[in-house]
Amino acid sequence: MILKGKVWKFGDDISTDHIAPGRYFHLRTNLPELAKHVLEDAREDFASKVEKGDIIVAGRNFGLGSSREHAPRIIKLAGVAAIIAKSFARIFYRNAVNIGLPLIEIKEADEIDEGDVLEIDLANGIVKNTTKGKEYKFVPMPKFMLDVINEGGIENYISKYGDYKI
């Protein structure tokens, strides 16, 4: 699976409250409406300008804070194809994989700029910055995670195949 998209750049410590602002808590049962406010507190224009297939690139500890399962869901609903960061909060990482949103850790995330176009090869662990002609390696996702992502999340995977057999 190759993903290609334009970069939106964020810094360190983007919390689940930045992603899904608490003042919109009443919208948690209406995720398409909540997605209209995704990352509003980190970047006011993000939700209105993000396009399907775009990629978020961030610093350290993306997704820290409370375990808001809807945080990665509304990022995905907004059209984001993947998130690249130096590191992720553990619970956010797990929630993202469960809903089929690829997360990639690369230490060189600072070298990627807003507006760069990236190609991500999830199976082989390669990020190509086609704007700058650079390539970055990451630990390829295990087959199970790729299977879950390809099916759009763990619920879709289990509905289609039943329990995963290792």
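The values are calculated or read from the model by the stated rules, or taken from the named source; none is laboratory data. Quantities reported herein were computed from a predicted structural model and do not represent experimental measurements. Here the Cβ is made from the backbone with ideal geometry for all residues, glycine too, and neighbour counts use every protein chain on show.
Would you call Lys134 touching an Asp or Glu at 6+ places or on another chain (Cβ under 9 Å) and of a type in the set (Lys, Arg)?
Against the criterion (touching an Asp or Glu at 6+ places or on another chain (Cβ under 9 Å) and of a type in the set (Lys, Arg)), Lys134 qualifies.
Restrict the check to the range 43-55 and report whether at least one residue is out of contact with any Ser or Thr (no Cβ under 9 Å at 6 or more places or on another chain), part of a strand (DSSP E or B), among the hydrophobic types (A, V, I, L, M, F, W, C) and on the phi < 0 side of the Ramachandran plot.
yes
Could you identify the single residue in Ala109, Ala81 that is modelled with pLDDT of 95 or more and closer than 29 Å to Phe25 by Cβ?
Ala81
Determine, yes or no, whether Ala20 is surrounded by 18 or more Cβ atoms within 10 Å (Cβ to Cβ), at pLDDT below 95 and either more than 14 Å from the chain's Cα centre (by Cα) or hydrophobic (A, V, I, L, M, F, W, C) (or both).
So Ala20 passes the test.
For the range 33-54, does any single residue satisfy the condition of being surrounded by 14 or more Cβ atoms within 10 Å (Cβ to Cβ), at pLDDT 95 or above, over 23 Å from Ile112 (Cα atoms) and in contact with a His (Cβ under 8 Å, 6 or more places away or on another chain)?
Within the range 33-54, one or more residues are surrounded by 14 or more Cβ atoms within 10 Å (Cβ to Cβ), at pLDDT 95 or above, over 23 Å from Ile112 (Cα atoms) and in contact with a His (Cβ under 8 Å, 6 or more places away or on another chain).
Note down all Cβ pairs under 7 Å where the first residue falls in the range 136-160 and is within 30 Å of Glu111 (Cβ to Cβ), the second is among the charged types (D, E, K, R), and they're at least six residues apart or on different chains.
Correct list of pairs: Tyr136/Glu108; Phe138/Glu105.
Which one is surrounded by the most Cβ atoms within 10 Å (Cβ to Cβ), of the residues in the range 119-129 that are of a type outside the set (Gly, Ala, Ser) and in contact (Cβ under 8 Å) with a residue 24 or more places away in the chain?
Val127
Which of the numbered conditions does Ile149 fail, given that it passes all the others? Conditions: (1) modelled with pLDDT under 95; (2) surrounded by 14 or more Cβ atoms within 10 Å (Cβ to Cβ); (3) touching a Phe, Trp or Tyr at 6+ places or on another chain (Cβ under 7 Å).
(3)
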